[in-house]
Amino acid sequence: MPITPIDLQTLYAQLNQIGREQAQNKQTPEIQASLQQLQQIQELKEKDDSVNQNKDIGEGLQNIKDEEKREKQKRQEKRFSSKEQGQEVKEVFNDPNLGQHIDIIG
C-alpha cells in the first residue's frame with residue numbers, strides 16, 4: 001500500500017500533536033514519582049511537627065505498684081478471715097529499707 005501525497009500532508013499536520021503526546025507519555029511516570037516523593041516529604045514533616053499521643057507502656061511502674069497493692073490486700077484479707085475463724089496468724093514485719101542500701105564504707 002503506497003503512501004500518497006495527501007496522506008503525507010495529514011501526517012505532517014499531526015506530527016506536532018503526536019510528538020507532544022509521546023513526550024507527555026515519557027514524562028508521566030517521572031512526574032508521578034516526584035509527586036509521590038513530595039507527598040511523602042510533606043507527611044513526614046507533619047509527623048515531625050505534630051505532637052504524638054503517648055502509647056501504652058505496658059508493664060510499667062504503675063502496673064507493678066498495682067500488683068503490690070493487690071498482694072497486700074490479699075494478705076490483709078487472709079489475716080482477717082483467719083482471725084474470724086479463730087486461728088492466730090503470725091504477722092511478719094517487712095522493713096521497707098531492708099535490702100535497698102549497700103554499705104560500701106566498711
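Each value in this text was obtained by applying a stated rule to the coordinates, not by laboratory testing. Note that the structure is predicted; figures quoted are calculated from it, not measured. Here Cβ is always computed from backbone atoms with ideal geometry, including for glycine, and neighbour counts include all displayed protein chains.
Structural remarks
- With neighbour counts taken as other beta-carbon atoms within 10 Å, the residues 104, 31 rank, fewest first, as 104, 31.
- Taking label points 7 Å from Cα along the Cα-to-Cβ direction, residue 1 and residue 97 give a separation of 10.5 nm.
- In sequence order, segment 22-29 has phi-based couplings of 5, 5, 5, 5, 6, 7, 4, x Hz under the Karplus curve 6.51 cos²θ - 1.76 cosθ + 1.60, θ = phi - 60°, and Gly or Pro positions carry x.
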